[in-house]
1. When N counts the residues of the stretch 97-136, how does its alpha-carbon radius of gyration compare numerically with 2.2 N^0.38 Å, as a ratio?
2. Arrange L44, L114 by Cβ neighbour counts within 10 Å, fewest through most, would you?
3. Test of the criteria: in the stretch 65-172, which GluC sites (Glu not before Pro) are in a DSSP loop and have at most 15 other Cβ atoms within 10 angstrom of their Cβ?
4. Using all alpha carbons of the stretch 61-171, what is the percent of pairwise distances in each 5 Å bin, ordered from the shortest bin to the longest?
5. Select from the stretch 40-116 those chymotrypsin sites (Phe, Trp or Tyr not before Pro) which occupy a DSSP coil region and have at most 15 other Cβ atoms within 10 Å, ordered by residue number.
Amino acid sequence: MESASTGAQGFSVESLKPNEAQPAEFDPKTNPRLYEISTQLRCLVCANESIAESNVELAIDLRREVAKQIKAGKTDEEIIDFMVDRYGDYVLFKPPFKAKTYLLWLGPIAFFGLAIWALLRIVSSRRAARRDRRANVDARDIERAKAILRGELVFKSGEFVEKSAARPQAGA
């Protein structure tokens, strides 16, 4: 190995070579098992991302915990069971269908059903109100509306009057 000395300080030619970048700790290509398990676990802060996708500190800690358990020789099921025991079924992106998770599975369906029911109620009440308004209209009101649309009646001083009465008389 060549070495050069400059005064009291010495260095080697090897120290001048650039270092190779090390793969990221959570890189899916270098750690596919860690990535696969992490995609099954929900970030508890983000709630819409897996811990594999999230960069929140808690998600990073959970990924480190998964990596630690992988190194300890645990199976995927053991790691996921550990996380469920620690954080509950909510940590799973696909929680099992059981009594504790009925709300997670049936909540969106119930909400959608409630929204459809409310929409139907609103539509039917508006139809009934429109029917009632039409039932209370007599022939004189219809003729007056037609006269307004034809331009025979104009709005002046807070009421509809005949067009000819609305014009001021010249020379009066």
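Coordinate-derived values only; no laboratory data. Predicted model only: the values in this text are computed from it and were never measured. Because the Cβ atoms are built from the backbone with ideal geometry, glycine has one as well, and the counts that use them run over all protein chains shown.
1. Compactness ratio reported: 1.93.
2. Arranged by neighbour count, lowest to highest, L44, L114 become L114, L44.
3. E152
4. The calculated distribution, bin by bin, is 2, 9, 9, 9, 7, 7, 6, 5, 5, 5, 4, 4, 5, 5, 4, 6, 4, 3, 1, 1, 0, 0.
5. Loop-located and lightly packed - F93, F97.
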